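Working notes, structure below.
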Amino acid sequence: MSRILIKNIKELVQVETEIKKKVVGEDMKTLPSIKDAWLAIEDDLIVDFGKMDDLEITDWVGLEILDADGKMVFPSFCDSHTHLVYAASREEEFVDRINGLTYEEIAKKGGGILNSAKKLQNTSEEDLFNDAWKRLEEIRKTGTGAVEIKSGYGLSVEGELKMLRVIKRLKAESDLTIKANFLGAHAIPTDYKEKRSEYIDLIINKMIPVIESEGLADYIDVFCETNYYTPEETDRVLQAGIAIGLTPKIHVNQFTSIGGIQAGIKNNALSVDHLEVMEEQDIQDLIQSDVMPTLLPSCSFFLTIPYAPARRLIDSGLPVCLATDFNPGSTPSGNMPFVLSLACINYKMTPEEAVNASTINAAYAMGLNETHGSIAVGKKANIFITKEISSVAFIPYSFGSNNIETVILNGKVEG
Ligand code: NIG
Ligand code: FE
C-alpha cells in the first residue's frame, strides 16, 4: 500500500464533508477551505484531512511525508470540454483572422473544422496518439486531473472511429481520468453539403453501432449552430446516441441562439457548452433543468467573440462550469489557470466562483462528482500542491504564470 501525508498546508482548498452534486448561484461565492491543514492519501484515494493542531500519527510505517509549508493544496481541475486529439495546428487561420477574416468566413472557404478533418485523414493512429499524449502531459503540469476529449475531426466513418480509438488508448494509458465524447456531427463534410441527411444516416447507422460494440464513447455531442446542425438534426443524432447509452453534452449558442439549449434540455444533456449568445428564454429554460451551463472563455479570447454572460447566469441562480475547449481552431490551449484568469477578468467571476466552476461543477459536467472535484474522504487523490503563494486569488491574478509545483494523480506523485 502506498501512503502519503501532506503536512503544514497553508490552505487546503475545496474541502467537503458531504459530497455536493454541484454549486449553484450565490453559493458559488463560497469556497470551503482549511488553513494550516494536513491531508492523508492511501493508494489512489484521499483517506483523511484536518487541521495541523489535530494531527496525530500513530503508524509511521511506509508513510511518505511531504511538507507543504507556505503552499496550498487544491483538487485537480476537471477540464470537461476539449478536442485535444487533432492532426495539426492551424496557425495559418490565426494569421487570416489577424488580417481581417472572421472564424465563419474562414470556415466557409474550407478552413476551420473541415481543414482539421482533411489533415486528420492522412494521419496515422500512432501519430495522433503521440501528439495527444504530449498535450496531456502539458495539461497535467497546469493542474488538470480529468479531461473530456471529443472526436469530430474525422467526419467519416474511418476518421471518427480512428479518433475514438486513440481516445480509448489514451484512457487506458494515461494517469488522467478521461471521458470520450463522440462528435461525429461537428460539421457537414464537403461531399455531403447537398445531402446532409445522408451524412446523419452515416452517423446513426454506421458509426454509432461500432461505438456501441467497441465501447468507444461515454457522451454524444453535436455542434448545434447556424451553418452547422439544426436543432431538429441535433435531436435526431442525440436520440441515436441515447439509444446506446451515451449522454448528451453539446455545443450550443456560440454564434446564434437557435434552440440548441432546448434540444439539450429535452434530451437530458449533462451540459450545454459555449453560451456566448444567450436570450432571456434560454436562461429561464436552463433554470428549470439540471443541465450544467459550461463556459469557454479562452475561446472568446482567442476568436475575439463576445464573452458568455456568466454574471447573468450565476446571478439568475444557475451554476456554471469552466473549461478550456482545447482545439486547433478556436482555442489552441489547455491551460486551466489561464481560463480562471479570463473568467475573473472578463466574466467578473470571483476567484472562489472560478475555482468552484473548474472543480466541483466541472466534475458534475463530466459525470464525476462522486469521485473528483473536491477534497473529500473516499474521492480520488487527484490534487496539486502550489508553489508558495499568498491566497486563492493569486492563481487567477498572476495570469500566465504556472504556480503549480507538485501534481498527484491517483495517489502518485508526478513532479
Ligand atoms: O468548440 N465550435 C465548434 N467546435 C470547436 C472549434 C473547432 C475548430 O475550429 O476546430 C469549438 O470552438
Ligand atoms: Fe468545443
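The values are calculated or read from the model by the stated rules, or taken from the named source; none is laboratory data. Small disclaimer: the values here were computed from a predicted structure and weren't measured. Heads up, the Cβs are rebuilt from the backbone with ideal geometry, glycines too, and the neighbour counts pull from every protein chain shown.
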Looking at (1) closer than 22 Å to residue 93 by Cα; (2) crowded, with 24+ Cβ neighbours inside 10 Å, can you tell me which one residue 328 breaks? (2)
Would you mention how many residues in segment 364-381 are more than 15 Å from residue 273 (Cβ to Cβ) and either under 14 Å from the mean Cα position of the chain (by Cα) or in a loop (DSSP other than H, G, I, E, B) (or both)? 12
All but one of (1) closer than 14 Å to residue 152 by Cα; (2) of a type outside the set (Phe, Trp, Tyr); (3) in a helix (DSSP H, G or I) hold for residue 92; state the number of the condition that does not hold. (1)
Yes or no: residue 211 over 21 Å from the mean Cα position of the chain (by Cα), of a type outside the set (D, E, K, R), away from ligand 1 (no atom under 16 Å from the Cβ) and more than 30 Å from residue 96 (Cβ to Cβ)? yes
Scan segment 367-389 and give yes if some residue there is farther than 25 Å from residue 41 by Cα and in contact (Cβ under 8 Å) with a residue 12 or more places away in the chain, otherwise no. no
Among the residues of segment 335-357, count how many are polar (S, T, N, Q), under 14 Å from the mean Cα position of the chain (by Cα) and within 20 Å of residue 317 (Cβ to Cβ). 1
Wholly enclosed helices (runs of 4 or more DSSP H) of segment 263-328 bearing at least 3 residues within 12 Å of ligand 2 (Cβ to nearest atom): 297-303
Does residue 363 satisfy the condition of being surrounded by 24 or more Cβ atoms within 10 Å (Cβ to Cβ), away from ligand 1 (no atom under 16 Å from the Cβ) and aliphatic (A, V, I, L, M)? yes
Quick test of your reading of the structure: residue 331 fulfils all but one of (1) within 16 Å of ligand 1 (Cβ to nearest atom); (2) out of contact with any Cys (no Cβ under 8 Å at 6 or more places or on another chain); (3) hydroxyl-bearing (Ser, Thr, Tyr). Name the failing condition by number. (2)
State whether the residues of segment 168-189 include one that is without any contact (Cβ under 8 Å) to a residue 40 or more places away in the chain, of a type in the set (A, V, I, L, M, F, W, C) and touching a helix residue (DSSP H, G or I) at 6+ places or on another chain (Cβ under 9 Å). yes
Just a yes or no: is a residue in segment 140-153 over 16 Å from the mean Cα position of the chain (by Cα), at pLDDT 95 or above, surrounded by fewer than 19 Cβ atoms within 10 Å (Cβ to Cβ) and farther than 16 Å from residue 327 by Cβ? no
Answer with yes or no whether residue 408 is buried (at least 24 other Cβ atoms within 10 Å of the Cβ), farther than 30 Å from residue 264 by Cβ and not small (Gly, Ala, Ser). yes
Flag for residue 54 being under 28 Å from residue 391 (Cβ atoms), surrounded by fewer than 20 Cβ atoms within 10 Å (Cβ to Cβ) and either without any contact (Cβ under 8 Å) to a residue 24 or more places away in the chain or not small (Gly, Ala, Ser) (or both): yes
Within segment 335-350, is there a residue that is within 16 Å of ligand 1 (Cβ to nearest atom), more than 20 Å from residue 180 (Cβ to Cβ) and part of a loop (DSSP other than H, G, I, E, B)? yes
